[in-house]
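Data first, discussion second: the structure below is written as structure tokens.
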Amino acid sequence: MIEQLIKMFSASGDIVIFPWLASADMIEIAHQLNRRVFAGDAAIERCHQAIAQSRLTTEPLDYP
């Protein structure tokens, strides 16, 4: 579902802002769709986990 929403409301290379972080998978999906991601969460531990998972499962993107 999140993949469909990202595709519907953004294009490749766009910035996507998640004011919440329900799961680290959201960041991974956005990266796979070639979006730049800004995300946050009230729980700092969830932010750390998302960063760690994102670095381990995705390659850095080359933006213009």
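We did not get these values from a lab; they are worked out from the coordinates using the rules stated. All of these numbers come straight from a predicted model, not from anything done at the bench. Cβ sites come from the backbone with ideal geometry, for glycine too, and all protein chains shown count toward neighbours.
Near A11, within a Cβ-to-Cβ distance under 15 Å, what is the net charge of the other residues, with Lys and Arg +1 and Asp and Glu -1?
Neighbourhood net charge equals +1.
Give, in nm to one decimal, the length gained when the segment between I2 and D25 is fully stretched (0.36 nm per residue of separation minus the Cα-Cα distance). Don't jump to the answer; show the numbers that get you there.
Details: separation 23, 0.36 × 23 = 8.28 nm, distance 0.94 nm.
Computed gain between I2 and D25 is 7.3 nm.
Using 0.36 nm times the number of residues separating F9 and D41, minus their current alpha carbon distance, what extension gain do you get?
9.4 nm
When you count, for each residue, the other Cβ atoms within 10 Å and take the mean per peptide, how do 42-48, 24-30 rank with the highest first? Please list the in-between numbers first.
On the way: 42-48: 11.3, 24-30: 19.6.
Listed from highest to lowest mean packing, they are 24-30, 42-48.
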